[in-house]
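Structure, as structure tokens:
The values are calculated or read from the model by the stated rules, or taken from the named source; none is laboratory data. Computed from a predicted model, the values in this text were never measured in an experiment. Cβ placement follows ideal geometry from the backbone for every residue including glycine, while neighbour counts extend to all protein chains displayed.
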Amino acid sequence: MDPRDVVRLSKRLSYVLRHAPDSAGLALDAAGWVDVDEVLTALGVTRTDLEHVVATNDKRRFAFDDTGTRIRASQGHSVPVVLGYAAEPPPPELFHGTVERFLPAVLAEGLRPGRRHAVHLSPDVETARRVGARRGRPVVLRVDAAGLAAAGAAFTRSANGVWLVDAVPPRYLAVLG
């Protein structure tokens, strides 16, 4: 599969499985799963191409179920889903990548999910930097995850290792130098 086709299919799959399943005539179940055969038909791709995109996605955005007959996005949905990840204690600190133009608002209001279900946090600085760089000059924030958890915030971790939390108030954030 041509690398450009991989990127195009990955973006289309992200859009369909996270934001607009109806744009492809699909319907996600309550946990975000959809039948693989329906996805293949709707997107006009082969099982081999779909498996290649899932296996090579650098962020591991997609997952097959244990039977390999259903697929879903691991996180980042703007449509109603309950992913069913169990709450777990986070590491002492996590990281969030953003861009400079959003920094004043983030420092004043904290991190909020926007149109998504949760705030996404990275386990390491480099991943957060890559995430922030997608939309401009990146800024990495350190999140006092231990303090936030001690204050009662529930953390979950998606299938691809992204940490999820409802919100991060400003007092738990620090800009990395």
Those residues of segment 1-41 that are surrounded by 13 or more Cβ atoms within 10 Å (Cβ to Cβ), more than 18 Å from Ala63 (Cα to Cα) and among the small types (Gly, Ala, Ser) come to a total of 1
Here, strands (runs of 3 or more DSSP E) confined to segment 39-103 with at least 1 residues that are among the aliphatic types (A, V, I, L, M) and under 15 Å from Arg18 (Cβ atoms) are 62-64, 70-73
**Asked** Restricting attention to segment 51-65, does a residue exist that is of a type in the set (Val, Ile, Thr) and under 15 Å from Ser158 (Cβ atoms)?
**Response** yes
Checked pairs for segment 158-177, first surrounded by 14 or more Cβ atoms within 10 Å (Cβ to Cβ), second assigned to a loop (DSSP other than H, G, I, E, B) and among the aromatic types (Phe, Trp, Tyr), C-beta under 8 Å and 6 or more apart or across chains, list as Ser158/Tyr85; Ala159/Tyr85; Trp163/Phe155; Leu164/Tyr85; Leu164/Phe155; Val165/Phe155
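Output the number of residues of segment 14-34 satisfying the condition of being over 19 Å from the mean Cα position of the chain (by Cα), touching a residue at least 12 places away in the same chain (Cβ under 8 Å) and part of a helix (DSSP H, G or I).
1
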Sole miss for Ser78 among (1) touching a residue at least 40 places away in the same chain (Cβ under 8 Å); (2) touching a strand residue (DSSP E or B) at 6+ places or on another chain (Cβ under 9 Å); (3) small (Gly, Ala, Ser) is condition (2)
Quick count over segment 114-146, residues being surrounded by 16 or more Cβ atoms within 10 Å (Cβ to Cβ), part of a loop (DSSP other than H, G, I, E, B) and either touching a strand residue (DSSP E or B) at 6+ places or on another chain (Cβ under 7 Å) or without any contact (Cβ under 8 Å) to a residue 24 or more places away in the chain (or both), is 2
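Matching residues to (1) touching a Phe, Trp or Tyr at 6+ places or on another chain (Cβ under 7 Å); (2) surrounded by 16 or more Cβ atoms within 10 Å (Cβ to Cβ); (3) not small (Gly, Ala, Ser):
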| position | (1), (2), (3) |
| --- | --- |
| Gly44 | no, no, no |
| Leu50 | no, yes, yes |
| Arg72 | yes, yes, yes |
| Ser78 | no, no, no |
If I filter segment 63-86 for residues that are farther than 30 Å from Ala42 by Cβ and at pLDDT below 95, do I get at least one hit? yes
Next on the checklist: Against the definition (assigned by TED's automatic domain parsing to the domain that holds Arg171, surrounded by 12 or more Cβ atoms within 10 Å (Cβ to Cβ) and under 30 Å from Val168 (Cβ atoms)), how does Phe62 come out, yes or no?
Outcome noted: no
